[in-house]
1. In the stretch 94-114, is there at least one residue being closer than 18 Å to Met1 by Cβ and surrounded by 15 or more Cβ atoms within 10 Å (Cβ to Cβ)?
2. Give me the residue from the stretch 141-187 that is at pLDDT below 80 and not in a loop (DSSP other than H, G, I, E, B) and, out of that set, farthest from Glu122 (Cα to Cα).
3. Please give the number of the condition His54 fails out of (1) over 16 Å from Leu111 (Cβ atoms); (2) open to solvent by 40 Å² or more (accessible area, probe 1.4 Å); (3) out of contact with any Asp or Glu (no Cβ under 7 Å at 6 or more places or on another chain).
4. So if I check each of Ser19, Ser7, Ser57, which one is under 23 Å from Leu126 (Cβ atoms), modelled with pLDDT under 95 and hydroxyl-bearing (Ser, Thr, Tyr)?
5. For the stretch 35-56, which residues satisfy the criterion of being more than 18 Å from Phe77 (Cα to Cα) and either touching a Leu at 6+ places or on another chain (Cβ under 8 Å) or part of a helix (DSSP H, G or I) (or both)?
6. Which one of these does Arg87 not meet: (1) touching a strand residue (DSSP E or B) at 6+ places or on another chain (Cβ under 9 Å); (2) surrounded by 12 or more Cβ atoms within 10 Å (Cβ to Cβ)?
7. Looking at the stretch 115-140, which of its residues are closer than 16 Å to Phe91 by Cβ and part of a strand (DSSP E or B)?
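The values are calculated or read from the model by the stated rules, or taken from the named source; none is laboratory data. From a predicted model like this one, the values you see are computed outputs, not experimental measurements. Every residue, glycine among them, receives a Cβ derived from its backbone with ideal geometry; neighbour counts consider all protein chains shown. The accessibility values were calculated without ligands, DNA or RNA, using every heavy atom of the protein model including side chains. Shrake-Rupley method; radii C 1.70, N 1.55, O 1.52, S 1.80 Å.
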Amino acid sequence: MRQQRRSLSPQALQQASLSLCRQILQLRHYQKARHIALYWPMQGEINPLPLLYHRRSRHKHFYLPVLSGSFAQKLRFAPFHANSRMRLNAFRIPEPQVAAVTLLVPQDLDLLILPLVAFDAEGYRLGMGGGFYDRSLASLSHRQHWQHPRLLGVGHAFQQVAHIPREPWDVPLGMVCTDQACYRIPL
């Protein structure tokens, strides 16, 4: 999947990203959300950043994940806008350069948009293998019904597979959107 993502032409990636954003803009959860975490796309990941510039996003606050915590094992979320000052983290991924007091934990967000390598119809995702989102969302898996944040996985339509192997620490997504459709996951 990662190789297939990386092999996309810049034009195909841009077209898929714009189509994804059109799908997301139609979601009720996006329309109601005020605090939304995105991610910086790498290695052919579908790009959610065009959401920043849409007129329907005018009164929303956006955030990007930053590595924080003991030995940088958990994600926190930094305010992000088009003019944010950025720095590279240990994985050479850009993240906003902000004061630690401005960082949010996942529960402070309304909607968390996550990248994925693959996903299945039951809402399980395969990430890049670092486990950062799983560790950061671990407290949610112990709650019966959580409202914040809503978890939205995004990827290319070709990233859907029949079954993702599960581990006890995996947190299922509530929704998945691709460049072709959005799927609500029955929990």
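1. yes
2. If we take residues in the stretch 141-187 being at pLDDT below 80 and not in a loop (DSSP other than H, G, I, E, B), then His142 is farthest from Glu122 (Cα to Cα).
3. (1)
4. Being under 23 Å from Leu126 (Cβ atoms), modelled with pLDDT under 95 and hydroxyl-bearing (Ser, Thr, Tyr) holds for just one of Ser19, Ser7, Ser57, which is Ser7.
5. Across the stretch 35-56, the qualifying residues are Gly44, Ile46, Pro50, Tyr53, His54, Arg55, Arg56.
6. (2)
7. Hit for the stretch 115-140 is Pro115, nothing else.
Here is a yes/no grid of residues against (1) within 18 Å of the chain's Cα centre (by Cα); (2) modelled with pLDDT under 90; (3) not hydrophobic (A, V, I, L, M, F, W, C); (4) not in a helix (DSSP H, G or I):
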| position | (1), (2), (3), (4) |
| --- | --- |
| Phe71 | no, yes, no, no |
| Ala78 | yes, no, no, yes |
| Ser84 | no, no, yes, yes |
| Arg87 | no, no, yes, yes |
| Val98 | no, no, no, yes |
| Val101 | no, no, no, no |
| Gln107 | yes, no, yes, no |
